[in-house]
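A short worksheet on the structure shown next.
The values are calculated or read from the model by the stated rules, or taken from the named source; none is laboratory data. Computed from a predicted structure; not experimentally measured. Methodologically, a virtual Cβ is constructed for each residue, glycine included, from the backbone with ideal geometry; neighbour enumeration extends over all protein chains shown. Heavy atoms of the whole protein, side chains included, go into the accessibility calculation; ligands, DNA and RNA do not. Shrake-Rupley method; radii C 1.70, N 1.55, O 1.52, S 1.80 Å.
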Amino acid sequence: MNSHFTGTGKQLVTDFYYNNGFSELSLETKKTTVQQRKQHEASGKDAEDESRLPALEAAYSSILRGLGEDTDRQGLLRTPLRAAKAMQFLTKGYHEDVYDILNDAIFDEDHDEIVIVKDIEMFSLCEHHLVPFFGRVHIGYLPNKKVVGLSKLARIVEMYSRRLQVQERLTKQIAMAISEALQPAGVAVVIEAAHMCMVMRGVQKMNSRTVTSCMLGVFREDPKTREEFLRLTKTA
């Protein structure tokens, strides 16, 4: 079916093919629905964050006064508000869901070799002292007829790291999320990070690094597969 519209010297031509038009329309409708839902959820999150700002701002003002600071001096006038907004950003992962992140980026693919994304930068907050820990994440998985867009692995790291965390739990959450979403033959995650709670306070060891790993499926069961992953992600 072809329809033609002519006006002001321009012609609009719309072609609709019966053999695939409905499936394409359905796909576009689904995409539009997902986009609308995401926009609605985003606006709801923004409204929720805005409603909580006054309480967070007041809490930071109270902390500053507890430290003996004058919250009315010029340098600190807007610090409680800035700190409140920063904390909301640093914990925005609570409002995100792994399936929304993956969306339609899982593809059928007959690939049966290890896929690795290494050196993914990670920043998070230690839930014990609310100070940063940061480092790099290495992710590997052995596909089972399905692969995921590579950037989505980094987004999964971002989602879970933007919460109050401990490194051990963060490592396992990333691995489990990938395993549940893709159902691969195996998943491996290694995180190496520096913790400011050990550098800025406490034992104050500047060069200490914490390494954690989570091996699932074939990476846990097969030493050769695990060794291949560890060798390929080893930093020279």
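Which of the residues that make up the range 30-56 are at pLDDT 65 or above and among the polar types (S, T, N, Q)? Hits for the range 30-56 are Q39, S43, S51.
Number of residues in the range 101-147 that are open to solvent by less than 50 Å² (accessible area, probe 1.4 Å), aliphatic (A, V, I, L, M), at pLDDT 95 or above and part of a loop (DSSP other than H, G, I, E, B) equals 2.
Within the range 134-155, identify whether any single residue is more than 28 Å from R52 (Cα to Cα) and of a type in the set (S, T, N, Q), and answer yes or no. Show your work before the answer.
Let us first name the residues in the range 134-155 that are more than 28 Å from R52 (Cα to Cα), namely 135-154.
Narrowing further to those that are of a type in the set (S, T, N, Q): 144, 151.
Among the residues of the range 134-155, at least one is more than 28 Å from R52 (Cα to Cα) and of a type in the set (S, T, N, Q), which makes the answer yes.
Taking the residues in the range 79-96 that are in contact with an Asp or Glu (Cβ under 6 Å, 6 or more places away or on another chain) and hydrophobic (A, V, I, L, M, F, W, C) as candidates, determine which candidate is surrounded by the fewest Cβ atoms within 10 Å (Cβ to Cβ). Don't jump to the end; show me each part of the working.
Start the filter on the range 79-96 by keeping residues that are in contact with an Asp or Glu (Cβ under 6 Å, 6 or more places away or on another chain), which leaves 80-81, 84, 88.
Still in the running and hydrophobic (A, V, I, L, M, F, W, C): 81, 84.
Details: L81: 15, A84: 21.
Only one residue fits best here, namely L81.
Among residues of the range 39-78 being over 18 Å from K92 (Cα atoms), out of contact with any helix residue (DSSP H, G or I) (no Cβ under 7 Å at 6 or more places or on another chain) and in a helix (DSSP H, G or I), the one that is most open to solvent (accessible area, probe 1.4 Å) is Q74. Somewhere in the range 175-186, is a residue in contact (Cβ under 8 Å) with a residue 60 or more places away in the chain and assigned to a strand (DSSP E or B)? The answer is no, given that none of the residues of the range 175-186 is in contact (Cβ under 8 Å) with a residue 60 or more places away in the chain and assigned to a strand (DSSP E or B). Of (1) over 16 Å from Y94 (Cα atoms); (2) open to solvent by 30 Å² or more (accessible area, probe 1.4 Å); (3) within 15 Å of the chain's Cα centre (by Cα), A175 satisfies all except one. Which? If we test A175 against (1) over 16 Å from Y94 (Cα atoms); (2) open to solvent by 30 Å² or more (accessible area, probe 1.4 Å); (3) within 15 Å of the chain's Cα centre (by Cα), just (2) comes out false.
Among residues that are among the aliphatic types (A, V, I, L, M), within 20 Å of E228 (Cβ to Cβ), in contact (Cβ under 8 Å) with a residue 40 or more places away in the chain and surrounded by 21 or more Cβ atoms within 10 Å (Cβ to Cβ), A193 is not included.
In the range 148-167, what residues are closer than 22 Å to M87 by Cα and either in a helix (DSSP H, G or I) or touching an Asp or Glu at 6+ places or on another chain (Cβ under 7 Å) (or both)? If you could, list the steps in order and put the result at the bottom.
The first filter runs over the range 148-167 and keeps only residues closer than 22 Å to M87 by Cα, leaving 154-167.
Within the range 148-167, A154, R155, I156, V157, E158, M159, Y160, S161, L164, Q165, V166, Q167 meet the criteria.
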